Structures are given as structure tokens and as C-alpha cells.
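Following: one structure in C-alpha cells, then a few remarks.
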Amino acid sequence: MQALLLAGGLGTRLRPLTEHLPKPMAPVVNRPWLEHLLKHLRSQGLSDFVIAVKHNADIIRNHFGDGRRLGVTIAYSQEPELLGTAGAIKHAEPLLSADRFIVVNADIIHHVDLMPLLEFHRSSGAMVTIGLTEVEDPSQYGVVQQTPSGRILRFVEKPPRHEAPSNRINAGIYVMEKETLSWIPAGRAVSIERETFPLLIRKGLPVYGCAVRGYWLDMGTHDRYLALHRDALDGKIGLQLPYPMKAEGVWIGEDTHISSHAKLIPPVVIGRGTRVERGAVLGPYAVLGEGVTVQADSRCAHAVVLPGTRLEGNRVFRHAVVAPDFMVTTRLPGDLIRQGVMQP
Ligand code: GTP
């Protein structure tokens, strides 16, 4: 089955990280998330992909090419302008060859088994099946109201907690029949959440929702970006980490130089070519990209450091995303925001 990955958005909430990077290419434990995602989908038997691109499209094209390196095929749907989540699907229509396909928001960090979703879609006769995930606090989201058979009656935007009809929200993963595309106008920006799904429901068309099981997190903000790294190092996402584990909870790439007078507090990831000077304290939950320098007596914890960054000596980097030209610190001191994590 073909899968269409939506990867063209501006990622404004993750700026400046996303100024020169499509959000799905943001590194997750030192690999672009989109690469983890393609591998995860490949492991479920999907090998035919269309990626809908716009913002910084060349970065995606140049990284994946035709997909051969990953053992998949990739075609690109290039939008002339941002067309929104539904407009992007409509624009990809000429590349969608079968009557049924999967759509995935490429910025959703997930480790979900798609087969039950496909099975549900087949057996319910839905035109669209929306993968749903459960959140602890639905008051920040659009939640769904469903019939016992799973048909979606309406979306309720940001309901007060006690009035929410459910705690299930759109997970950004859909199974669609191609006829859905006839309900999306061409040539203008259309949002699938705000326009297309409500329209289909108003028209009485069969839109169903089915809970997906497994890790799920929308990486869209800096605190969630840090939270997902924490979860990755805790082994909750099921990601393959890119380097060997040199000691319990310590992953180190090649060609690193780590002073014997530095301290590593697991979990820690140290990217290839990184230099850690004496007196530095790294961890817990420090992820250092490739070619990073940690100067003497610097401390870094609960942080993601992007490739090529120099962490100045004698400074503390906590709850932060740090790059060569910016640093974003989050407001959250302890446990980072948790949302949408459903245990299998
Ligand atoms: P924010 O600006 O921070 O809201 O991020 P975003 O618009 O990039 O992401 P959003 O969460 O709204 O979109 C969900 C997914 O759809 C992301 O993977 C986006 O890259 C993708 N997306 C959003 N708008 C478009 C679009 O106009 N075209 C394409 N091809 N993809 C889009």
C-alpha cells in the first residue's frame, strides 16, 4: 500500500530549528526523524512512498533521493505554495496510484502498529479512518465524539476537561479511499482538520476513528522535542540508537575524544567526532550531535545539542535545545509535558 507523508509545513512553533530545516528532518537522537519514520513504516511492510514537500524541500530530496538507500521507493509531490494538510493531499493525487492509501503527518513521533488501523478501515467500510490517540488532558485539543461502532459524529475543539466527550484526538495518521480527494478543492490551501473532515461528517459520509496503540507524540514544540528525546533514551519509542552502547545508558559514536576528567551521567548520547574537555559533566538526558565541542567545566543535562555546536566552558546548559547559532530553553524544570502516550 502507498503511504503519503506530509512534510511541507513551516514548523513555526519549532523555530529557529525549523528555519532552515523541514520539521520532519529535525534530528531525533542524531538522525532525521523522517529517516526513523521511513524505517518504521518499512518494517510494517510499506515500501512505496510519496512525500509532499514545500518548505526547505531540497533538504528532504537530497537526503533520501529515490529512496533506494533505505530499500523503498520515494516520489515527491512538490507544492508551488503551501496548500495545507488537505491541499497537499489533493496536490499529490497524480502520484497516488491505488484506490486506498495511508496518510501520515511526518512530524508525529510514533511507534504505532498500523495493521489494526488498516483492518478496521477495511471492515468498517469507511471512506476515511482517522487514527486516534488518547491524551491525559483533552482541553488543549480537538477531541472526537464517536458512536459505539467508531463512526465520528463531531470534533469538539478544546473542551473543558469535565465536558470532553472523550480523550481521543486525531493522531495525524489516516487511511483514505481515493474518492475522498473529490471533496478537497484544488489549487488553494485546505486544512484537513478544520475543513475537510468536518465537511465529510456534515455530508454524512463514513468517517471513522480507531485508536492506535503505541508511542505517540507531536514533536511540534521545544518542550515536546526535549520530551521525545528523553523518551527515546528511556527506550519508550523503540528507536534504534545510532551508536553502540559503551556503558549502561551511554552511547558514543566514532572518533570522539572524551577527557578522563569528564563525568558522564546516563543516559547520554555523544555524537561522532565530538570532543568533551576536562571537568565537563554530561547528563542525564544529554544528546550531543556530531562534531560538538564541550569545553572544560561545562554542564549539560536534559538537552539536545545540534551538530557543530561549541558549548562554552564553565556554563550550564539545561532543558535546552542548543545549536551553533541559537539556544532555546524550555520553561519546564522537571518532568516534561507528557501527552498522547498509550501503552500497547
Ligand atoms: P507549525 O507551523 O508549527 O504549526 O507547524 P507545521 O504547519 O509545519 O505543522 P502542522 O503540525 O500544522 O502540520 C502537520 C504535518 O503536515 C507536518 O508534518 C507538516 O510538515 C505537514 N504540513 C502542514 N502544512 C503543509 C502544507 O501546506 N504542505 C505540505 N506538504 N505539508 C504540510
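Helix 33-43 axis versus longest C-alpha principal axis of the chain: approximately 60°, rounded to the nearest ten.
Nearest-5 percent of antiparallel DSSP beta bridges in region 241-329? Mind showing how you got there, number by number?
Numbers: 6 of 31 bridges.
Among the beta bridges of region 241-329, antiparallel pairing accounts for roughly 20 percent.
When the Cα centres of region 67-105 and region 189-223 are compared, how far apart do they sit, in Å? The two parts, judged by their Cα centres, are 17 Å apart.
Would the chain count as rounded, prolate or oblate if I go by the C-alpha gyration tensor, calling it rounded below 1.5 in a/c and otherwise prolate when a/b exceeds b/c, oblate otherwise? Walk me through the numbers before you get to the answer.
Numbers: a/c = 2.16, a/b = 1.74, b/c = 1.24.
Here the chain falls in the prolate category.
Ignoring lysines fewer than eight residues from LYS23 along the same chain, the ones with Cα atoms less than 24 angstrom from its Cα are LYS39, LYS54, LYS90, LYS236.
With both residues required to sit in the chain, DSSP beta bridges show an antiparallel share near 40%.
Annotation: peptides 63-69, 16-22, 166-172, ranked by per-residue average of other Cβ atoms within 10 Å with the highest first, follow the order 166-172, 16-22, 63-69. Contact order, relative form, for the chain: 15 percent (alpha carbon pairs under 8 Å, 6 or more residues apart, mean separation divided by residue count). In terms of its C-alpha gyration tensor, region 1-135 comes out rounded, because the ratio a/c of the largest to the smallest axis stays below 1.5.
Where a Cα-Cα gap under 15 Å defines reach, which aspartates and glutamates qualify for LYS178, not counting those fewer than 8 residues away within the same chain? Filter leaves GLU93, ASP99. Once the Cα atoms of helix 115-124 and of the chain are each reduced to a long axis, what angle between those two axes, in degrees from 0 to 90 to the nearest 10, is obtained? That helix lies at roughly 10 degrees to the long axis. Summing Cβ point charges (Lys, Arg +1; Asp, Glu -1) relative to the Cα centre of region 241-329 gives a dipole of roughly 200 debye.
Using packing as a proxy for protection, rank 188-195, 24-31 so that the peptide with the highest average count of other Cβ atoms within 10 Å comes first.
Details: 188-195: 17.2, 24-31: 22.4.
Packing order, densest peptide first, comes out as 24-31, 188-195.
Of all beta bridges that DSSP places with both ends in region 185-333, some 20 percent have antiparallel geometry.
Could you tell me whether region 241-329 comes out rounded, prolate or oblate from its Cα gyration tensor? Rule is a ≥ b ≥ c as square roots of the eigenvalues, rounded for a/c under 1.5, then prolate if a/b exceeds b/c, otherwise oblate. Walk me through the intermediate numbers first.
On the way: a/c = 1.36, a/b = 1.24, b/c = 1.09.
Rounded is the answer for region 241-329, as its axis ratio a/c remains below 1.5.
Within the full protein context, the accessible area of ASP255 is estimated at about 130 Å² for a probe radius of 1.4 Å.
By average Cβ neighbour count within 10 Å, what is the ranking of 77-87, 3-13 from highest down? Write out the running numbers ahead of the final one.
Numbers: 77-87: 18.9, 3-13: 21.9.
By packing density, highest mean first, the sequence is 3-13, 77-87.
Give me the distance between the Cα centres of region 111-181 and region 232-280, rounded to whole Å. Cα centroid to Cα centroid, the span is 39 Å.
The values are calculated or read from the model by the stated rules, or taken from the named source; none is laboratory data. Note that this is a predicted model, so its numbers are computed, not measured. Ideal geometry is used to build each Cβ from the backbone, glycine not excepted, and the neighbour counts take in all protein chains shown. For accessibility, only protein heavy atoms count, side chains too; no ligands or nucleic acids. Shrake-Rupley method; radii C 1.70, N 1.55, O 1.52, S 1.80 Å.
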